[in-house]
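Down below is the structure, laid out as structure tokens.
The values are calculated or read from the model by the stated rules, or taken from the named source; none is laboratory data. Since the model is a prediction, treat every value here as computed from it, not as a measurement. Positions of Cβ are backbone-derived with ideal geometry, glycine not excepted, and every protein chain shown enters the neighbour counts.
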Amino acid sequence: MKKGCIVAGVLAPHPPHLVYAENPPQNEPRAECGWENLRWGYERLRKNLENIDFDTLVVLSPHWQTYVGTHFLGVERFSSVSVDPIFPNLFRYHYDLTVDVSLAETMERHAREAGLVTRMMRNPDFRVDYGTIVSCHLTRPAWDKPIVSISSHRSTHYFSPDVMLASSLKLGHATREAIEASGKRVVLLASNSLSHRHFTTEAEVPEDMSREHIYHHGQYLWDMKVIELMKAGKTRELVELVPDFTEQTVAETDSGALTWMLSALDFPSYPAEVHAYGTVIGTGNAVVEWAHEAHLVSGGAA
Ligand SMILES: [Fe+2]
């Protein structure tokens with residue numbers, strides 16, 4: 001069998017506001033517009049992915065939170081309504097998605113053999129988390145590819161950011177080995193925001209962009225530092241900063257998603273393509289692409 005590969009990795013944040021603003025038929029609430037900078041960034045990402053042949057989207061989401069080990073979706077189809085617990089006025093999304101169960105099982109086995117505690121999610125009535133749904137929708141609104149969704153083992157909160165760092169690195173390595181063994185061509189999504197200081201009051205009209213901005217200059221500086229390292233290809237340095245970044249900005253990097261993806265990509269030293277940076281309810285979000293296969297083929301160092 002041909003060796004599988006990761007064709008691209010994406011930092012693909014999941015504010016439900018971005019889906020709301022696009023008015024897809026799956027979402028019940030209607031919007032006038034909003035958050036164009038980030039939405040147009042996702043459009044550029046989608047355009048790039050149109051030129052890449054791939055089999056499966058693999059996403060690690062901060063909103064599927066498990067306290068005993070790392071879990072993988074393990075049922076072929078999930079269909080239900082996802083309602084954002086904080087913003088039910090913006091996100092009531094009817095999803096119907098398929099799972100690449102054989103790839104999920106291969107990943108679970110490799111993670112288990114690497115020493116991680118793992119479990120396959122076999123409950124057909126399980127409600128898929130909105131982080132998985134929003135990141136996958138914004139990356140591939142046609143839903144024409146199966147997904148693998150990986151939970152966030154809450155090591156940051158149960159133990160410490162450093163424990164999360166170590167286990168995410170291990171999970172990333174196991175993910176890469178599993179993909180290579182599977183023969184599949186895969187796009188990885190790290191479904192996390194950057195700095196995460198929220199609004200405390202909501203605008204009357206959610207898409208009122210006069211209210212949308214970062215709320216703390218220190219948080220903004222942290223976001224810019226992190227993005228600068230991505231653009232410079234300094235991903236090992238970035239991963240070392242993640243525990244401090246997480247503590248200083250309450251970033252969703254606490255989920256391990258970004259660290260997992262960079263480890264799976266074997267710490268790219270080529271520049272990432274930043275499609276957009278913008279805030280949603282004051283939190284920092286960046287859409288960033290590592291065109292991994294293209295760089296490997298052109299002889300760039302991974
Ligand atoms: Fe989130």
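Any residue in segment 3-22 that is over 30 Å from Ile86 (Cα atoms) and among the aliphatic types (A, V, I, L, M) sitting within a Cβ distance under 8 Å of a residue that is within 12 Å of the ligand (Cβ to nearest atom) and part of a helix (DSSP H, G or I)? List the pairs, counting only those 6 or more apart or interchain.
Final answer for the pair search is none.
I'd like to know if segment 203-210 contains one or more residues that are more than 16 Å from the ligand (Cβ to nearest atom), acidic (Asp, Glu) and part of a helix (DSSP H, G or I).
No, that holds for no residue.
Looking at (1) in contact with a strand residue (DSSP E or B) (Cβ under 9 Å, 6 or more places away or on another chain); (2) of a type in the set (Val, Ile, Thr); (3) surrounded by fewer than 24 Cβ atoms within 10 Å (Cβ to Cβ), which is the one condition that is false for Val288?
Going through the list (1) in contact with a strand residue (DSSP E or B) (Cβ under 9 Å, 6 or more places away or on another chain); (2) of a type in the set (Val, Ile, Thr); (3) surrounded by fewer than 24 Cβ atoms within 10 Å (Cβ to Cβ), Val288 breaks only (3).
Quick one: which residue in Asp55, Asp129, Asp84 is closer than 22 Å to Glu293 by Cα, among the acidic types (Asp, Glu) and crowded, with 17+ Cβ neighbours inside 10 Å?
After applying the criteria, what remains is Asp55.
Have a look at Glu252, Glu228, Glu237, Glu204 and point out the one that is in contact with a His (Cβ under 8 Å, 6 or more places away or on another chain) and either farther than 30 Å from Met1 by Cβ or hydroxyl-bearing (Ser, Thr, Tyr) (or both).
Only one candidate qualifies: Glu252.
Restricting to segment 63-92, name every residue that is under 23 Å from Thr201 (Cα atoms) and either of a type in the set (Ser, Thr, Tyr) or within 16 Å of the ligand (Cβ to nearest atom) (or both).
Scanning segment 63-92 gives His63, Val83, Asp84, Pro85, Ile86, Phe87, Pro88, Leu90, Phe91.
Please go through segment 248-264 and pick out each residue that is on the phi < 0 side of the Ramachandran plot and either out of contact with any helix residue (DSSP H, G or I) (no Cβ under 6 Å at 6 or more places or on another chain) or among the polar types (S, T, N, Q) (or both).
Gln248, Thr249, Glu252, Thr253, Ser255, Ala257, Leu258, Thr259, Met261, Ser263
What are the pairs, 6+ residues apart or on separate chains, where a residue within segment 227-243 that is without any contact (Cβ under 8 Å) to a residue 60 or more places away in the chain and in a loop (DSSP other than H, G, I, E, B) has its Cβ under 8 Å from a residue that is of a type in the set (Gly, Ala, Ser) and buried (at least 17 other Cβ atoms within 10 Å of the Cβ)?
So the pair list comes out as Gly233/Ala272.
Please go through segment 85-108 and pick out each residue that is more than 15 Å from Val58 (Cβ to Cβ) and at pLDDT 95 or above.
Pro88, Asn89, Leu90, Phe91, Arg92, Tyr93, His94, Tyr95, Asp96
Does Tyr277 count as hydroxyl-bearing (Ser, Thr, Tyr), touching a residue at least 60 places away in the same chain (Cβ under 8 Å), surrounded by fewer than 24 Cβ atoms within 10 Å (Cβ to Cβ) and outside any helix (DSSP H, G or I)?
yes
How many residues are touching a residue at least 40 places away in the same chain (Cβ under 8 Å), surrounded by fewer than 24 Cβ atoms within 10 Å (Cβ to Cβ) and more than 14 Å from the ligand (Cβ to nearest atom) if we restrict to segment 246-263?
2
Taking the options Leu18, Leu11, Leu45, name whichever one is under 28 Å from Ser298 (Cα atoms), in contact with a helix residue (DSSP H, G or I) (Cβ under 7 Å, 6 or more places away or on another chain) and within 16 Å of the ligand (Cβ to nearest atom). Quick ask: steps written out before the conclusion?
On the way: Leu18 fails: under 28 Å from Ser298 (Cα atoms); Leu45 fails: within 16 Å of the ligand (Cβ to nearest atom).
Exactly one residue qualifies, and that residue is Leu11.
Criterion first (of a type in the set (Phe, Trp, Tyr) and at pLDDT 95 or above) does Tyr215 satisfy it?
When the stated conditions are applied, Tyr215 does not pass them.
For segment 37-75, which positions are charged (D, E, K, R), out of contact with any Asp or Glu (no Cβ under 9 Å at 6 or more places or on another chain) and in a loop (DSSP other than H, G, I, E, B)?
Listed by number, the list holds a single entry, Asp53.
What are the pairs, 6+ residues apart or on separate chains, where a residue within segment 56-77 that is among the acidic types (Asp, Glu) has its Cβ under 7 Å from a residue that is more than 16 Å from the ligand (Cβ to nearest atom) and at pLDDT 95 or above?
What qualifies is Glu76/Thr98; Glu76/Val99; Glu76/Val101.
Given the residues Lys2, Lys47, which is the only one that is more than 21 Å from Ser210 (Cα to Cα) and at pLDDT 95 or above? Full working, then the answer.
Values: Lys2 fails: at pLDDT 95 or above.
Residue meeting the stated conditions: Lys47.
I need the full set of residues from segment 211-220 which are touching a strand residue (DSSP E or B) at 6+ places or on another chain (Cβ under 7 Å) and outside any helix (DSSP H, G or I), in order please.
Passing the criteria: Glu212, His213, Ile214.
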